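For reference, the structure discussed in these notes is given below.
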Amino acid sequence: MTATVLVMAKVPVPGRAKTRLAAATGDEVAADLAAAALLDTIAAVDAAPGFTGHLALEGDLAGGARGAQLAAAVSGWTVTPQRGATFAERLVAAHEDAGHGTVLQIGMDTPQLTPDLLHGAVADLAAFDACLGPADDGGWWLLARRDPAVSVPLAGVAMSTPTTYDDTRSALRAAGHRVGVTAALRDVDTVADAAEVARLAPHTQFAASFREWEGRE
C-alpha cells in the first residue's frame, strides 16, 4: 500500500496561530503549541509504512515558531504553497497539487495522530469515493480520496462551523460521491481541548509543550 498524507498548515506565527487558544496562553505559547502539533503530525506520517508526506503551506516556516525544526522535519516531503482566496478554495487547490492516488488530507490540529489512524482511514476508504473523519467540534479532521476531483465540492462549504462535517458530507453526496466515515478525533482550539489531547497523547511534543505552560501558571 502507498498513500500520501496531505497536511494543510499555516506557519505558526505568534499573534496569528491558534488565536482562540492564545486568549488563554498568550501568543508565543499558542504558536509554540501549534508548531509542536505540526511536528507531531509530521512524525506520525513519517512513522507510517507506505505513506509519503505533502505539506500545503501558508507562509514561510522561517518566520514562525520552531521554524528551523519544522523545515528540517519536512526536508523529505513535497512542499507546495497554498492557493486560493478562502480556506475551502485552498483545500481544493491543494488536492489538485497532490494529484491522483490515495490521499489523506488532514490539518495541523490533531497531534494525537498515529500511523494506525492513517492505515485505518485507508482501509475505511476502500468501499467509498471519499471518507471523512469527524471532529468533536462539528468539523472534520480528515478527508480521504483517490481522485482529486472529489474535493471540488469543498469550495462551496463553509469551514470552521459547527455544521462543517454535515455540510461537507452533504456536498460530497450531492456531487454523486459515496462517502464513508473513519475515526473521530478532537481538534485543538481551546485550553480544554489542549488539556484533553495532551492527556490522550502524553508522549507527544505537543503534550510536553502544554505541560510546560501549565507548570508556569
>> With a 1.4 Å probe and all protein chains left in place, how much of the accessible area of the chain comes from carbon and sulfur atoms, in whole percent?
In response: 53
> Just from the alpha-carbon atoms, what are the Rg and Dmax of region 141-217 in angstroms?
Replying inline: 16.8, 52
> Per the helix-only calculation at 222 nm, which mean residue ellipticity applies to the chain, given -39500 (n - 2.57) for every DSSP H run of n ≥ 4 and division by its residues, nearest 500 deg cm²/dmol?
Replying inline: -12500 deg cm²/dmol
>> Cβ neighbours within 10 Å, averaged per peptide: list 41-47, 76-82, 141-147 in order, most packed at the top.
In response: 141-147, 41-47, 76-82
> So, in nm, how far is label His203 from label Thr80 when the simple model puts each one 7 Å beyond its Cα toward the Cβ?
Replying inline: 3.4
> With each pseudo-label sitting 7 Å past Cα toward Cβ, what's the Thr19-Ala43 distance in nm, one decimal?
Replying inline: 3.0
>> Suppose the Debye formula is applied to equal point scatterers at every Cα of region 58-124; what is log10 I(q)/I(0) at q = 0.13 Å⁻¹?
In response: -0.48
> Taking amide hydrogens as modeled 1.01 Å from N in the peptide plane, which residues meet the under 5 Å criterion relative to Thr52, leaving out close sequence neighbours?
Replying inline: Ala3, Thr4, Val5
> Which loop-located trypsin sites (Lys or Arg not before Pro) does region 56-121 contain, where loop means any DSSP state but H, G, I, E or B and the Cβ has at most 16 other Cβ atoms within 10 Å?
Replying inline: Arg83
>> Please report Rg (one decimal) and Dmax (integer) in Å for the Cα set of the chain.
In response: 16.2, 52
> With the Cα gyration tensor of region 43-94 giving a ≥ b ≥ c as the square roots of its eigenvalues, does the rule (a/c under 1.5 for rounded; else a/b larger than b/c for prolate; else oblate) give rounded, prolate or oblate?
Replying inline: oblate
> Per residue, how much accessible area does region 133-186 have with a 1.4 Å probe, in Å²?
Replying inline: 43
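The values are calculated or read from the model by the stated rules, or taken from the named source; none is laboratory data. In this text the structure is predicted, and so the values were computed from the model without any measurement. All Cβ positions, glycine included, derive from the backbone under ideal geometry; neighbour counts span all protein chains shown. Keep in mind that these areas ignore ligands, DNA and RNA; they rest on the heavy atoms of the full protein, side chains included. Shrake-Rupley method; radii C 1.70, N 1.55, O 1.52, S 1.80 Å.
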